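Read the figures in this text as sums done on the coordinates, not as results from a lab. Because the structure is predicted, anything quoted here is derived from the model rather than measured. Cβ placement follows ideal geometry from the backbone for every residue including glycine, while neighbour counts extend to all protein chains displayed.
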Amino acid sequence: MGFFSNLKNKLGIGGVKVDLRIPGQVAKADGVVNGSVVLTTKSDQDIVTITIKVLEVFTTGRGDDKKEKTFTLGEMNLPAGFAIKTGETKDMAFSVPFKILKSDNDELKEKGGALGAIGKLGAFASAEKSEYFVEVEVDVKAAALDPSDKKAIKIV
């Protein structure tokens with residue numbers, strides 16, 4: 001029985017489940033994402049670290065010319081180094097500060113007037129698009145495949 005429980009722990013089966021709870025949108029001016037991470041488990045586990053990131057996936061181009069880059073806008077670690085027991089649920093609140101990155105076209109758009117029009121045209125021509133996500137990864141001592149959760153968020 002010990003072999004199978006060890007194998008299940010390594011694969012993350014019956015181990016720690018992560019649920020990320022965040023609002024659907026946050027204000028760009030606030031510069032902070034508030035939420036909580038809910039951990040549940042079906043077996044005793046040791047939590048080493050909990051890392052939360054605010055990510056931007058920036059896409060340019062269309063079709064075969066499409067390029068994608070991922071930027072980390074904010075990151076934090078929650079206090080960890082604790083054990084979670086069978087059937088136990090831990091709800092941990094967090095606040096991750098973030099800073100929006102601007103492309104050259106975004107900076108031109110903000111200037112307004114003729115430069116703003118050039119920025120809008122440039123963004124449209126290169127098909128610039130940004131999507132934002134909040135991601136949490138929990139490092140579990142016994143698991144080779146660490147549990148994580150990722151949710152989309154709108155930054156307005």
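Annotations
- Checking the Cα-Cα distances for 66/151; 90/129; 67/99; 90/151; 28/85 against a 31 Å cut-off, the pairs over it are 90/129; 28/85.
- Charge tally around residue 24: other residues with Cβ under 12 Å, Lys/Arg +1 each, Asp/Glu -1 each, net +3.
- Proximal charge balance of residue 57 [Cβ under 10 Å; K/R count +1, D/E count -1]: -1
- If you plug the beta carbon distance of residue 144 and residue 95 into 1/(1 + (r/R0)^6) with R0 = 41 Å, you get a FRET efficiency near 0.85.
- The loop-placed trypsin sites (Lys or Arg not before Pro) in region 52-93, going by DSSP, that have at most 15 neighbouring Cβ atoms within 10 Å of their Cβ come out as 62, 66, 85.
- The residues neighbouring residue 95, those whose beta-carbon lies less than 15 Å from its own, together hold a net charge of 0 under the Lys/Arg +1, Asp/Glu -1 convention.
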